[in-house]
Structures are given as C-alpha cells and as structure tokens.
Amino acid sequence: MAKKSSDSSLRGRLRVPGGEPVDLSGYDPGATPGGPRDKAAARLAVERTAGRLAGLQERLWAASTAGDRRRVLLVLQGMDTSGKGGTVKHVAGLLDPAGCRVQAFRAPTRKERRHGFLWRVRRALPGPGELGVFDRSHYEDVLVARVRELAPPEEIERRYGQINAFEQALAEDGVTVVKCFLHLSFDEQRRRLLKRLDRPDKRWKFQPSDIDDRALWPAYQEAYALALERCSTPYAPWYLVPADHKWYRNWAVGRLLLEHLEELDPRYPEPDFDVARCRRRLLGH
C-alpha cells in the first residue's frame, strides 16, 4: 500500500517521498486511492471537472500574453500498455489545443544521439502559458538505458543528478513539473497485450519485442524504483498512479493537473486600453 500523508489532496496521497528506497511491490496497481467508487462515478467526476480544468488552462494561456512565464509540464512514464497514450487522449483531450503541446519520445535518432540526453527534451519544453505533455521523457535514459545497458553504469549514475539539476532549473524558471508513474501489474499487462493481438484494430500497437521486455520486468521495476527514489524532489516530486483500472488512472492524472493549476491560480490579464471607451466606439459603428 502507498504510504499515508497528512496532506488530504490527491497529491498528498500519491506523492512518492523520495530520498529513501522504494519497494514497488508495496504499492497495489489495482488500488484507487482517493478516487471515485467505480468507472461510472469516475466518468461523471471527469465530466464535472472538465470545465474547471479547461478554464484554468485558458487563464494560464491568457496570462502569458501579459508576461506571465509560468507553464506546466506533465510527464507520463510507465511500462508498455500502462496507458501513457490513453491518458494523453483522455486528459489532454479536455484542453484547448492552442495552449497544449504533446511530445511523444521514441528511441533517439542518430542526430539526437550526437547531443547530450537532455538536448531533445529541452527543445520540446512548453513555452510560457502552455501545458506540455511528455509521453515518455528524459527518464528513458535512466530506465531503458539502464536495463538494456545502453550506457556505462557510471554514466547512468551521473544522469540522476543531471535530471535533478535540470528539473530544479525548470521550477526556478516557472515550470510546474507534474511527474506521473503509471504503475501497472504484470498480469494486467499480459491481458492488455493479448487484447492487442486478439483485436485487428489493436495489432498495430503490438511489437514482438513487447514479449521480450516482459522477461526483463524485474529489471525494469528496479530501474523505476531507483528513478523514483533518486528523482522525487520537493520541486519536482513523483506521483505513483495505480494504472490497472484505466478509469482511475485517467481520473487521477486529471485531478493531479487540476490541483496544480488551482494552486497556480492564473488570472486573466487586465486590459491595457479603456474598455468603456472602446465599447462606446463599437456601439457607434
């Protein structure tokens, strides 16, 4: 079970403390902490808060036109089929595309490999007023790279510190970083992969290498646990979101975004013109 927090918000419930060992076997992927009672209730809750979430995003975007540099970056990480793409569809789909930027990170290209691992991430960061979403992220370079031994161990160790310094600089520059680890069970992943094989409209998502990665499940769990331990910080904490229930996963990530945006409380900018005079002029034409 996840550790309890005195903070009654969902952020308090799902936040990973950081700085201490993380045992993922102690977190139930099928749990629904703080969530609605079932799928139907979750759908209703999302519908009720969608307007509030979209309104806050619009205010954030509007505030940037008057020089407010604040923005939000949602980072989604998890094993294959944990629902990163589904979360983007269900959560980012509630937002205005004009102020939302989605970036899916795949294996680095030859050009990207010629630079440091954070180079391509910096190029994809949201601008002032934007809400950015990363489907996978810079954490691939301490997850896949660690499990697949794509870099020397000493290089992997250095990257944790580089990531923390990078995220601290983002926070100091007005970026609210919301990192969600979508915690999926081994059995639920099998069910979702079988569904991809059994349904013709899902087969395009399947790769035979997905089966090979299941053989590396323990190594991936260890790599994720280390990333959560080393990189859950006060300025960019990790949130562990149980992901066996898609309805809870979508509700929880949306709720986390809502809580962060409510705390930011962006405001529409005051006009730099005489509203009453412009109204009189308009009525006269």
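Starting from the amide H of GLY78, placed 1.01 Å from N in the peptide plane, find each other amide H under 5 Å away whose residue is 5 or more places distant or on another chain.
For GLY78, whose amide H was placed from the backbone, the distant partners under 5 Å are LEU182.
Carbon-plus-sulfur fraction of the accessible area of the range 38-98, 1.4 Å probe, in percent?
Roughly 55 percent, rounded to a whole number.
Rounded to the nearest 500, what is the chain's calculated 222 nm mean residue ellipticity when only DSSP H runs of at least 4 contribute -39500 (n - 2.57) each, over all residues?
So the helix-based figure for the chain works out to -14500 deg cm²/dmol.
Tell me, what HN-Hα J-couplings in whole Hz come from the Karplus equation 6.51 cos²θ - 1.76 cosθ + 1.60 at θ = phi - 60° for each residue of the range 141-155, using x for Gly and Pro?
With coefficients 6.51, -1.76 and 1.60, one gets 7, 10, 10, 4, 4, 6, 5, 8, 6, 7, 8, x, x, 5, 5 Hz.
Can you sort ASP28, ASP135 by solvent-accessible area, 1.4 Å probe, largest first?
ASP28, ASP135
Excluding ligands, DNA and RNA, what is the solvent-accessible area per residue of the chain at a probe of 1.4 Å, expressed in Å²? Mind showing how you got there, number by number?
Working: 15010 Å² over 285 residues.
Accessible area per residue, the chain: 53 Å².
Where the accessible area of the range 163-285 is counted over protein heavy atoms with a 1.4 Å probe, how much of it, in %, is carbon and sulfur?
Ligands and nucleic acids excluded, carbon and sulfur give 53 percent.
If I ignore ligands, DNA and RNA and count only protein heavy atoms, how much of CYS100 is accessible to a 1.4 Å probe, in Å² to the nearest 10?
Rounded to the nearest 10, that gives 30 Å².
Sort 199-205, 215-221 for me by packing, meaning the mean count of neighbouring Cβ atoms within 10 Å per residue, highest on top.
Peptide ranking by packing, descending: 215-221, 199-205.
Tabulate in residue order the Karplus-calculated ³J(HN,Hα) for the range 13-24, using 6.51 cos²θ - 1.76 cosθ + 1.60 with θ = phi - 60°, rounded to whole Hz; enter x for Gly and Pro.
In residue order, the calculated couplings are 6, 9, 5, 8, x, x, x, 9, x, 10, 10, 5 Hz.
Let me see the pair-distance distribution of the range 182-239: every alpha carbon pair, 10 Å bin width, integer percents in order.
19, 39, 26, 14, 1
Name the shape class, rounded, prolate or oblate, that the alpha-carbon gyration tensor gives for the range 58-113, where a ≥ b ≥ c are the square roots of its eigenvalues, rounded holds for a/c under 1.5, and otherwise prolate holds if a/b is larger than b/c and oblate otherwise.
oblate
Determine ³J(HN,Hα), in whole Hz, for all residues of the range 216-223 in sequence, where each value follows from phi through the Karplus function 6.51 cos²θ - 1.76 cosθ + 1.60 and θ = phi - 60°; x replaces Gly and Pro.
Those phi angles translate into 9, 3, x, 5, 5, 4, 5, 5 Hz.
Once amide H atoms are built 1.01 Å from N in the peptide plane, which residues 5 or more positions from GLU130, or in another chain, come under 5 Å H to H?
VAL72
Rank these by accessible area, largest first, 1.4 Å probe: HIS260, HIS115.
HIS115, HIS260
Using the Cα atoms as the points, what is the convex hull volume per residue of the chain in Å³?
Hull volume over Cα atoms, normalised by residue count, gives 176 Å³.
The values are calculated or read from the model by the stated rules, or taken from the named source; none is laboratory data. In this text the structure is predicted, and so the values were computed from the model without any measurement. Cβ coordinates were reconstructed from backbone atoms using ideal geometry, including for glycine residues, and neighbour counts include every protein chain displayed. These accessible areas exclude ligands, DNA and RNA; they are computed on the full protein's heavy atoms, side chains included. Shrake-Rupley method; radii C 1.70, N 1.55, O 1.52, S 1.80 Å.
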